[in-house]
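Structure first, commentary second.
The values are calculated or read from the model by the stated rules, or taken from the named source; none is laboratory data. The structure presented is a predicted model; accordingly, all values stated were derived computationally and were not measured. Quick reminder, even Gly has a Cβ in these numbers, built from the backbone with ideal geometry, and neighbours come from all protein chains shown. Please note that ligands, DNA and RNA were not included when accessible areas were found on the heavy atoms of the full protein model with its side chains. Shrake-Rupley method; radii C 1.70, N 1.55, O 1.52, S 1.80 Å.
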Amino acid sequence: MVRTMPVDRLSDEDLKEILTKYRKVALVGASPKPERDSNEVMRYLIEHGYEVYPVNPRYEEVLGRKCYLSVLDIPDEVDIVDLFVRPEFTMDYVEQAIEKGAKVVWFQFNTYNREAFKKAREAGLIAVAHRCIKQEHERLIG
């Protein structure tokens, strides 16, 4: 079973388990702009069989999928909350992830917030930071 601990202690085996076991992803900060990292990652996850729910109050749709105002507005269960927002906004989404019953909060590059990371871990969620979910999937699963 994957342990809830800092990212530097998650092994490749732990990351691979996360990426194979959890398939429903709320992608916070999703953008319809193809040049944005969030768009590239969302497209990749969809192409690799993940159910991806874009979350961004600025848009109604991203990559042909309904965009939600918050994680809590997603009508289905969510396994992973993948964050593409500035660090000062991550706490709100960690709180939503906890309330929604997510299993993992994934802090993409440049989104890490120590207090939000700590709160996720204390609530029993797996917290991953300073890594890209797409890059880890490519590296460990392909």
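Observations on the structure shown:
- Test for residue 86: is it over 14 Å from residue 29 (Cβ atoms) and surrounded by fewer than 18 Cβ atoms within 10 Å (Cβ to Cβ): no
- Filtering segment 122-132 to residues that are of a type in the set (D, E, K, R) and in a loop (DSSP other than H, G, I, E, B) leaves only 131.
- A single member of 141, 133 is within 12 Å of the chain's Cα centre (by Cα) and either of a type in the set (Gly, Ala, Ser) or closer than 16 Å to residue 25 by Cβ (or both), and it is 133.
- Restricting segment 61-79 to residues that are out of contact with any Cys (no Cβ under 8 Å at 6 or more places or on another chain) and charged (D, E, K, R), the residue that is surrounded by the fewest Cβ atoms within 10 Å (Cβ to Cβ): 76
To keep it simple, each residue is scored yes or no on (1) within 27 Å of residue 75 (Cβ to Cβ); (2) not aliphatic (A, V, I, L, M).
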position: 100; (1), (2): yes, yes
position: 105; (1), (2): yes, no
position: 108; (1), (2): yes, yes
position: 118; (1), (2): no, yes
position: 124; (1), (2): yes, yes
position: 131; (1), (2): no, yes
position: 134; (1), (2): yes, yes
position: 137; (1), (2): yes, yes
position: 140; (1), (2): no, no
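- For residue 98: the one exception among (1) among the β-branched types (Val, Ile, Thr); (2) open to solvent by 10 Å² or more (accessible area, probe 1.4 Å); (3) part of a strand (DSSP E or B): (3)
- Test: residue in segment 30-41 that is more than 20 Å from residue 132 (Cβ to Cβ), in contact with a strand residue (DSSP E or B) (Cβ under 9 Å, 6 or more places away or on another chain), surrounded by 15 or more Cβ atoms within 10 Å (Cβ to Cβ) and modelled with pLDDT of 95 or more: no
- Selection of segment 20-29 for residues being among the aliphatic types (A, V, I, L, M) and out of contact with any strand residue (DSSP E or B) (no Cβ under 7 Å at 6 or more places or on another chain) yields an empty set.
Okay, residues lined up against (1) of a type outside the set (D, E, K, R); (2) more than 19 Å from residue 11 (Cα to Cα):
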{"position": "37", "(1), (2)": "no, yes"}
{"position": "43", "(1), (2)": "no, yes"}
{"position": "68", "(1), (2)": "yes, yes"}
{"position": "72", "(1), (2)": "yes, yes"}
{"position": "93", "(1), (2)": "yes, yes"}
{"position": "100", "(1), (2)": "no, yes"}
{"position": "106", "(1), (2)": "yes, no"}
{"position": "136", "(1), (2)": "no, no"}
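- Considering only residues in segment 101-121 that are in a helix (DSSP H, G or I), open to solvent by 30 Å² or more (accessible area, probe 1.4 Å) and out of contact with any strand residue (DSSP E or B) (no Cβ under 7 Å at 6 or more places or on another chain), the one that is farthest from residue 16 (Cα to Cα) turns out to be 115.
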